[in-house]
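Please find one structure pasted underneath; my questions will follow.
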Amino acid sequence: MKEFGLKENLKLFQYYIYRILGEKSKLLYAYNTYQFSDYDKYESSMFSEEEKAKNKEEQFPIDCKKAFEIGVNIAKSVMKKH
């Protein structure tokens with residue numbers, strides 16, 4: 001994230017979300033995500049498919065739950081305003 005300046009780039013999206021919803025967005029960074037359904041079809045030797053599969057099994061459900069909770073909280077906040 002830091003190496004490619006992604007946090008700074010995401011600030012623009014945060015601004016647009018704020019303008020649309022009137023609510024500051026919450027961010028959830030999900031790292032080491034699974035990129036392909038079949039790693040054999042792609043040259044991706046810089047990634048460990050086993051490590052990504054493990055992350056998908058263990059961390060991804062946690063990230064999905066957190067993302068859902070963030071969405072629920074934003075929806076509740078927006079509904080309170082209207």
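The values are calculated or read from the model by the stated rules, or taken from the named source; none is laboratory data. In this text the structure is predicted, and so the values were computed from the model without any measurement. Here Cβ is always computed from backbone atoms with ideal geometry, including for glycine, and neighbour counts include all displayed protein chains. The protein model used for the area step is the full one, side chains on, heavy atoms only, and it has no ligands, DNA or RNA in it. Shrake-Rupley method; radii C 1.70, N 1.55, O 1.52, S 1.80 Å.
Under the condition of being loosely packed, with under 12 Cβ neighbours inside 10 Å and either hydrophobic (A, V, I, L, M, F, W, C) or within 12 Å of the chain's Cα centre (by Cα) (or both), which residue from the stretch 72-82 is nearest to Ser37 (Cα to Cα)? Outline the logic, then answer.
Taking the stretch 72-82 as the starting set, the residues that turn out to be loosely packed, with under 12 Cβ neighbours inside 10 Å are 72, 76, 79-82.
Restricting the remaining residues to those that are either hydrophobic (A, V, I, L, M, F, W, C) or within 12 Å of the chain's Cα centre (by Cα) (or both) gives 72, 79.
Details: Val72: 29, Met79: 38 Å.
Filtering first and then ranking leaves Val72.
Every residue, every condition in (1) assigned to a loop (DSSP other than H, G, I, E, B); (2) under 30 Å from His82 (Cβ atoms), yes or no:
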residue	(1), (2)
Lys7	no, no
Leu10	no, yes
Gln14	no, yes
Arg19	no, yes
Tyr29	yes, yes
Glu43	yes, no
Glu57	no, no
Pro61	no, no
Cys64	no, yes
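Take the stretch 1-53 and flag every residue that is within 30 Å of Val78 (Cα to Cα) and open to solvent by 100 Å² or more (accessible area, probe 1.4 Å).
The answer is Glu8, Lys11, Phe13, Tyr15, Tyr16, Tyr18, Arg19, Ile20, Lys24, Lys26, Tyr31.
Moving on to the next point. Exactly one condition in (1) assigned to a helix (DSSP H, G or I); (2) without any contact (Cβ under 8 Å) to a residue 24 or more places away in the chain is false for Ser37; which is it?
Condition not satisfied by Ser37: (1).
Related question: Scan the stretch 8-26 and report the pairs whose first residue is basic (Lys, Arg) and whose second residue is open to solvent by 100 Å² or more (accessible area, probe 1.4 Å), with Cβ atoms within less than 6 Å and a gap of 6+ or a chain change.
Every condition considered, the pairs that remain are Lys24/Tyr18.
Which of the residues that make up the stretch 45-55 are assigned to a helix (DSSP H, G or I) and over 20 Å from the mean Cα position of the chain (by Cα)?
From the stretch 45-55, those assigned to a helix (DSSP H, G or I) are 49-55; that's our starting set.
Of everything in the stretch 45-55, just one residue is assigned to a helix (DSSP H, G or I) and over 20 Å from the mean Cα position of the chain (by Cα), namely Glu50.
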